[in-house]
Amino acid sequence: MRIGLSFDLKDALTHATGEPEDALEEYDSAETVQIIEDAISAERHNAIRLGGGREFLHNILGKKVDFVFNIAEGRGSYRSREAQVPAVLEMLDIPYSGSDPQCLSLCLDKPLTKQIVAAAGINVPRSNTIAGVDELAAFNWQDFPFPAIIKPAFEGSSKGIRLTSLVESARQMTESVSGLLNAYHQPVMVEEFIDGDEVTVGMIGNSPPQAMGMMRIIPKTENKHFVYSLEVKRDYKRLVEYECPIKLPDQTIKAISDASRKSFEILGCRDFARIDFRINSNGVPYFLEINPLPGLGTYSDLIIMALKMGWTHRGLISAVLNAALKRYPQWARA
Ligand SMILES: Nc1ncnc2c1ncn2[C@@H]1O[C@H](COP(=O)(O)OP(=O)(O)O)[C@@H](O)[C@H]1O
Ligand SMILES: [Mg+2]
């Protein structure tokens, strides 16, 4: 098969003046694209690089491909940016890996995702979404539980989540929220901080999806309120340890596994995803967010987890590809 590869390279994009320092954080490296290309070739397919943005549009119209392996994050800061490439592929009726435009748009909108997940009976932290400075000034914070965490509503890769995102009072919160509103030009969430273990879950396959692994993120130094912030993710080797498989009570593992599968299915995810939870002191998992297009690079949580579970990097990519191909009977291998 001729398999196109859509991606947005960090090095191909320029950092516009006035943009936050982490504006390009979610984009991919040349190494990641090479590994995916190798995995596709190892499955005896022809890999054809399509790139992202205008280059992708040009290539998808000009080069004949049977299927697209998509890791393009999309352009701009729109909450539907991850849907851009899949929407074009649907318009052209070209099959592709991963979730569809509706799922990708929904899941990048953290407040909306939480509402849907909560309606399905999954625990989510209490939160308020602040659309602008007027709303911030008008809100009555008297009953809001502090500490709280402040984050942009439509971001990933810990963009906008810094060591300063944890706030202890309404005053600190107001300063932090105004800063983020200014910098990221999108609503900001003020969320109850769930103190306790952080666990991320890798999901793979469809009907039913399987929890490929669960990984606990443990700070290396004593930390009053641990946040897996941008600073920590960039310096993870020094600052955190990864425990996988996780050593938590069976009952907690079962609760995480049930919540993972339920959220994957209810949000309409396909082929793979990564879901973040915090577990409170009673062993109750709280859903933080889901990534239907999680990073597939060497230093991404999903790949670190896969290696700890005995997969190879290429093997995991092949599994995503084959889960996607299975959805299209004409391409499925036995
Ligand atoms: N409500 C919360 N309680 C505790 N920690 C949180 C909460 N929300 C976010 N965090 C911390 O911030 C990190 C990043 O938040 P997350 O919502 O997963 O954003 P991103 O999409 O950038 O990964 C989490 O991995 C966790 O450490
Ligand atoms: Mg996360």
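The values are calculated or read from the model by the stated rules, or taken from the named source; none is laboratory data. Predicted model only: the values in this text are computed from it and were never measured. Quick reminder, even Gly has a Cβ in these numbers, built from the backbone with ideal geometry, and neighbours come from all protein chains shown. For accessibility, only protein heavy atoms count, side chains too; no ligands or nucleic acids. Shrake-Rupley method; radii C 1.70, N 1.55, O 1.52, S 1.80 Å.
Brief remarks on what is shown
- Counting the residues of the stretch 37-54 that are open to solvent by less than 20 Å² (accessible area, probe 1.4 Å) and of a type in the set (Asp, Glu) gives 0.
- Put simply, of Leu136, Leu57, Leu89, Leu61 the only residue that is more than 16 Å from the chain's Cα centre (by Cα), of a type in the set (A, V, I, L, M, F, W, C) and surrounded by fewer than 15 Cβ atoms within 10 Å (Cβ to Cβ) is Leu61.
- Top-ranked residue of the stretch 159-168 - restricted to ones that are within 13 Å of ligand 2 (Cβ to nearest atom) and open to solvent by 10 Å² or more (accessible area, probe 1.4 Å), ranked as farthest from Cys103 (Cα to Cα): Ile161
- On the stretch given as the stretch 153-196, residues that are assigned to a helix (DSSP H, G or I) and either acidic (Asp, Glu) or touching a residue at least 24 places away in the same chain (Cβ under 8 Å) (or both) total 13.
- Scanning the stretch 226-240 for residues that are more than 20 Å from the chain's Cα centre (by Cα) and either under 15 Å from Gly283 (Cα atoms) or surrounded by 11 or more Cβ atoms within 10 Å (Cβ to Cβ) (or both) turns up just one, Leu239.
- Against the conditions (1) over 20 Å from Pro125 (Cα atoms); (2) at pLDDT 95 or above; (3) in contact with a helix residue (DSSP H, G or I) (Cβ under 7 Å, 6 or more places away or on another chain), Val232 satisfies every one except (2).
- All positions within the stretch 197-233 that are free of Cβ contacts under 8 Å to residues at least 24 places away in the same chain and assigned to a loop (DSSP other than H, G, I, E, B): Ser207, Lys220, Thr221, Glu222, Asn223, Lys224
- Check on Met309, touching a Cys at 6+ places or on another chain (Cβ under 8 Å), open to solvent by 40 Å² or more (accessible area, probe 1.4 Å), over 27 Å from Glu21 (Cα atoms) and among the aliphatic types (A, V, I, L, M): yes
- Number of positions in the stretch 49-64 that are among the basic types (Lys, Arg) and outside any loop (DSSP other than H, G, I, E, B): 2
- The residues on offer are Asn206, Asn182, Asn223, and the sole one that is open to solvent by 10 Å² or more (accessible area, probe 1.4 Å), polar (S, T, N, Q) and under 21 Å from Lys262 (Cα atoms) is Asn206.
- Filter result for Val201 (surrounded by 16 or more Cβ atoms within 10 Å (Cβ to Cβ) and in contact with a Phe, Trp or Tyr (Cβ under 6 Å, 6 or more places away or on another chain)): no
Listed here are the residues, each with its yes/no results for (1) more than 16 Å from ligand 2 (Cβ to nearest atom); (2) at pLDDT below 95.
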{"position": "Tyr236", "(1), (2)": "no, yes"}
{"position": "Lys247", "(1), (2)": "yes, no"}
{"position": "Leu267", "(1), (2)": "no, no"}
{"position": "Leu296", "(1), (2)": "no, no"}
{"position": "Met309", "(1), (2)": "yes, no"}
{"position": "Leu325", "(1), (2)": "yes, no"}
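- Residue in the stretch 286-305 that is without any contact (Cβ under 8 Å) to a residue 24 or more places away in the chain, over 21 Å from Ala119 (Cβ atoms) and hydrophobic (A, V, I, L, M, F, W, C) present: yes
- Qualifying positions in the stretch 8-18 - modelled with pLDDT of 80 or more and open to solvent by 20 Å² or more (accessible area, probe 1.4 Å): Leu9, Lys10
- Filter result for Thr252 (surrounded by 16 or more Cβ atoms within 10 Å (Cβ to Cβ) and within 16 Å of ligand 2 (Cβ to nearest atom)): no
- Residues in the stretch 185-198 that are over 23 Å from Pro285 (Cβ atoms) and within 16 Å of ligand 1 (Cβ to nearest atom) were compared, and the one that is surrounded by the fewest Cβ atoms within 10 Å (Cβ to Cβ) is Gln186.
- Qualifying residue in the stretch 6-22 (condition: in contact with a Lys or Arg (Cβ under 8 Å, 6 or more places away or on another chain), part of a loop (DSSP other than H, G, I, E, B), in contact (Cβ under 8 Å) with a residue 24 or more places away in the chain and farther than 22 Å from Val88 by Cα): yes
- Among (1) open to solvent by less than 60 Å² (accessible area, probe 1.4 Å); (2) of a type outside the set (Asp, Glu); (3) in contact with a Leu (Cβ under 9 Å, 6 or more places away or on another chain); (4) modelled with pLDDT of 90 or more - the single one Ala131 does not satisfy: (1)
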